[in-house]
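For reference, the structure discussed in these notes is given below.
The values are calculated or read from the model by the stated rules, or taken from the named source; none is laboratory data. Computed from a predicted structure; not experimentally measured. Here Cβ is always computed from backbone atoms with ideal geometry, including for glycine, and neighbour counts include all displayed protein chains. Calculation scope for accessible area: heavy atoms of the full protein, side chains included, ligands and nucleic acids excluded. Shrake-Rupley method; radii C 1.70, N 1.55, O 1.52, S 1.80 Å.
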Amino acid sequence: MTDSATTTQRSLAERPLGRSGLKVTVASLGAGGLGNFFRRITNADAAGLVDTAWRAGIRYFDTAPFYGRGRSERRLGSYLGDHPREDFVLSTKVGRLMVPAPGGAQEDGIFYDPAPFDSVYDYSYDGVMRSHEMSLQRLGLSRIDVLLVHDIGVFLHGADATRQLNVFKNGGLKALEELRSSGAIRAYGLGVNEVAACLECLDYGNPDAFLLAGRFTLLEQDAVKPLLERCTKQGASIIVGGVFNSGILATGDTPDARYNYGPATKEVRQKVRQLQAVCERYEIPLSAAALQFPLSSPAVASVLLGAGTSSSLTRCMEGLRTEIPKDFWQDLVTEQLLAPEMMPS
Ligand SMILES: NC(=O)c1ccc[n+]([C@@H]2O[C@H](COP(=O)([O-])OP(=O)(O)OC[C@H]3O[C@@H](n4cnc5c(N)ncnc54)[C@H](OP(=O)(O)O)[C@@H]3O)[C@@H](O)[C@H]2O)c1
């Protein structure tokens, strides 16, 4: 990597998060796993996972009320509460309120065994303010640094997207501006799976950062190009989530490989096999290339590691330390697996 992702354990490189004044470690923990993402884990496993991240030098953590309907925030806050608040950066989401579900939460097939709360969309002024306060209570922490508007856009809301966006523009956005100008939070932005929502936000708001999941990976780069340019021009950062497109870029082509939350298609598996062939020639794990690729862009502040176990997380950290020669990226371009303008320099 150009700016070595790791120096020693406990001292990971940091990059500024937009113009917020915050600095985040180039590798961060995406706490979806703490909400039982596709796997039920115990509180002890959860604490072990965050501890592995902390010991590896990670000091930026991302969670959301929706992840396990509060489970992820509670587990993350429980661990982080034992550390000085100024030693880490924390983002969570707004846009969904968790309401008690006495009979048990509805299963969504993604977060297993959710806590007994249902999720209700609310992008209004009051919704954002309440969500912020409820997150503080679940986390048990004095401060949240970054609030990201969760899943606003067509990807999730389909035909209702315009109405939801108007609710946000006429309400929630003002709440975020107020929270930031009062110093209650340091930064705001979106946490989404689509580029268009981020580009739109750069027109109507003054965001610091976008958590963009699954759209800046070895399998997908076309849509992100205009966003990289706009972010660089407007001083906003991208936090890259879903670098493995839900798994296949870490596991490689296996029969149960997951791509964007579902089974991988034949076409995707074929492209992954081509990527794996180049990796094998250079003896580089596919996951290492997948992790380092988005960090080549100066608009990217951090890659969120979606590891759900300590062993996956440790492999990810090794992947970030793997030396990747320029010829490897050049071969991807030659084999038309990467557009020339996206080649890491
Ligand atoms: N709208 C949003 O704001 C949004 C959307 C999506 C994601 N995110 C954020 O991004 C984070 C990561 O996204 P993600 O979890 O969806 O996707 P991801 O990082 O692309 O993939 C996660 C999957 O990859 C596997 N994996 C990770 N490291 C591995 C390794 N070294 N070897 C083998 N398998 C490995 C994990 O399995 P194991 O569980 O076995 O480790 C997990 O199943 C989330 O936790 C969240 O913070 C945000």
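Here are a few things to note about the model shown:
- Of residues in the stretch 232-247 being near the ligand (Cβ under 9 Å from one of its atoms), outside any loop (DSSP other than H, G, I, E, B) and open to solvent by less than 20 Å² (accessible area, probe 1.4 Å), the one modelled with the lowest pLDDT: GLY247
- So ASP45, is it without any contact (Cβ under 8 Å) to a residue 40 or more places away in the chain and either in contact with a Leu (Cβ under 6 Å, 6 or more places away or on another chain) or not polar (S, T, N, Q) (or both): no
- Only a single criterion out of (1) acidic (Asp, Glu); (2) touching a Lys or Arg at 6+ places or on another chain (Cβ under 9 Å); (3) under 19 Å from LEU305 (Cα atoms) is not satisfied by GLU220, namely (2).
- Residue within the stretch 248-257 that is part of a helix (DSSP H, G or I) and either closer than 26 Å to LYS23 by Cβ or open to solvent by 60 Å² or more (accessible area, probe 1.4 Å) (or both) present: yes
- From the options GLY183, GLY158, residue that is surrounded by fewer than 19 Cβ atoms within 10 Å (Cβ to Cβ), on the phi > 0 side of the Ramachandran plot and outside any helix (DSSP H, G or I): GLY183
- Strands (runs of 3 or more DSSP E) (entirely within the stretch 8-127) containing at least 1 residues that are acidic (Asp, Glu) and surrounded by fewer than 24 Cβ atoms within 10 Å (Cβ to Cβ): 14-16, 117-121
- Residue count, the stretch 221-231 (criterion: in contact with a Ser or Thr (Cβ under 7 Å, 6 or more places away or on another chain) and open to solvent by 10 Å² or more (accessible area, probe 1.4 Å)): 1
- Residue in the stretch 211-220 that is of a type in the set (D, E, K, R), away from the ligand (no atom under 12 Å from the Cβ) and open to solvent by 20 Å² or more (accessible area, probe 1.4 Å) present: no
- Some residue of the stretch 93-106 being polar (S, T, N, Q) and in contact (Cβ under 8 Å) with a residue 40 or more places away in the chain: no
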